[in-house]
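Below: the structure, in structure tokens.
No lab work stands behind these numbers, since they all come straight from the coordinates. From a predicted model like this one, the values you see are computed outputs, not experimental measurements. Don't worry about glycine lacking a Cβ; one is built from the backbone with ideal geometry, like all the others, and counts go over all protein chains shown.
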Amino acid sequence: MQPRQHKTTSFLSAHQVFTRAEFAVAFGRPASAANVTSLLRDHLRAGNIKRVSREVFAAVPAHLAADRMMIDRFAAASKLRADGVLGFHSALELHGIAIPSSTRSSSSARDGQSSWSCLSAPAVSSPRRRRW
């Protein structure tokens, strides 16, 4: 039988984002067990995991502090609801077709070029005002 710390470490290294139920199954306990609550609370206090929502947690890599960690939003979204789906812009981002909204920014310039944070594209001039 593996010691608890080794079992927890191997679970956290294998699961970037996980639910309370998945954590409990790894230890052979029901999700509502008091020792599962205690173990999760201890790891939250130690900074080994970070709470995403009430029943969803993210493993913190050993080289990072919990407050500096960026959680993969697609992995977190997949754990928030069992019947949830990603759609529209998120699905396009996941497939590498769309630019992530968090890194997309633009600024217009008079020389006809628009600079983006990750690419350069020609700017579209605004239509002239019609005078009737």
Are there chymotrypsin sites (Phe, Trp or Tyr not before Pro) in region 1-57 that DSSP marks as loop and that have at most 16 other Cβ atoms within 10 Å, and which are they?
Phe27
Can you give the net charge of the other residues whose Cβ lies under 14 Å from the Cβ of Asp67, counting K and R as +1 and D and E as -1?
+4
For region 20-74, what number results from the quotient of the Cα radius of gyration and 2.2 N^0.38 Å?
1.14
Selection from Val17, Asn35, Ala59 lying farthest towards where the dipole of region 4-69 points positive, charges on Cβ:
Asn35
